[in-house]
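One structure is given here, and the rest of the page talks about it.
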Amino acid sequence: MADHRTRVTKMLIRRAFTELLRQKPIQKISIKELCVAAGIHRGTFYTHYTDIYDLLRKMEEEMLHDLQQALQPLLDPHTKEPTPLEITTGIFQCLKDNADLCTVTLGPYGDKEFAARLIQIGQERCVESYRKLFLQATPKQLEYYYAFVSAGCIGLLEKWLAEGMTASAEEIAATAEAIMMYGIGSLRPERPGGAILP
């Protein structure tokens, strides 16, 4: 019962915090207004967090943990080699599960360093996968390629968020993968594999 109460309280705090972050930078958010928005007492907030920055840090740590967990089965040496599509789907599913934090991270008051950390995690996993697919590619080519496609994936994520994430993570991952593999050719109906969303 206590665990359930704690989860509900943290959910209320998180919801109120992300809503406030959409409107103003973290430096302008007071614990008093956060507690009012969440419908809790200040003492309840301090039971779980030391301050606003501790709240943000713990939310980001939870999301990074979720992302690592989503990718872990794909990287288990005892399972078959994951496809880039499977890796991309795992990443987008984690982003969908943390849509509120993604929205503020990519917004005008977001934590750009955190976004960079997410990209770094994806880079380590995806570059390794592409290295095995494209044996002739140099490390520098793979780095440039990932820099290009990760920026595109952020744009795709922003579009997905703006549309309310109505498409599934699998659909967005397939779209991203088709663009990464075939570029403008992905728009041709005869293109093999993948799927561009209508």
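The values are calculated or read from the model by the stated rules, or taken from the named source; none is laboratory data. Being a predicted model, the structure only gives us computed values, none of them experimental. No Cβ is skipped: glycine too gets one built from the backbone with ideal geometry, and neighbour counts run over all protein chains shown. Accessible surface areas use protein heavy atoms only, side chains included; no ligands, DNA or RNA. Shrake-Rupley method; radii C 1.70, N 1.55, O 1.52, S 1.80 Å.
Quick notes on this structure:
- Net lengthening on full extension, Ile184/Ile154 (0.36 nm per residue, minus Cα-Cα): 9.0 nm
- Kyte-Doolittle mean at least 0.5, axial Cα span of 18 Å or more - DSSP H helices of the chain: 169-182
- Computed over the chain, relative contact order equals 19 percent, with contacts defined as Cα pairs under 8 Å that lie 6+ residues apart.
- Lys pairs, the range 1-153 - Cα-Cα below 30 angstrom, 8 or more residues apart or on other chains: 25
- Carbon/sulfur fraction of accessible area - the chain, other protein chains in place, 1.4 Å, %: 59
- For Leu133 and Ser168, the FRET efficiency from 1/(1 + (r/R0)^6), where r spans their Cβ atoms and R0 equals 22 Å, is about 0.35.
- Spin-label zone in the range 146-166 - amide nitrogen under 19 Å from a point set 7 Å from the Cα of Glu124 along the C-beta vector: 146-147, 150-151
- With protein chains left intact and a 1.4 Å probe, residues in the chain average 59 Å² of accessible area per residue.
- Debye-formula intensities of the chain, expressed as log10 I(q)/I(0) at q = 0.08, 0.10, 0.16 Å⁻¹, are -0.33, -0.50, -1.05 (one equal scatterer per alpha-carbon, no solvent).
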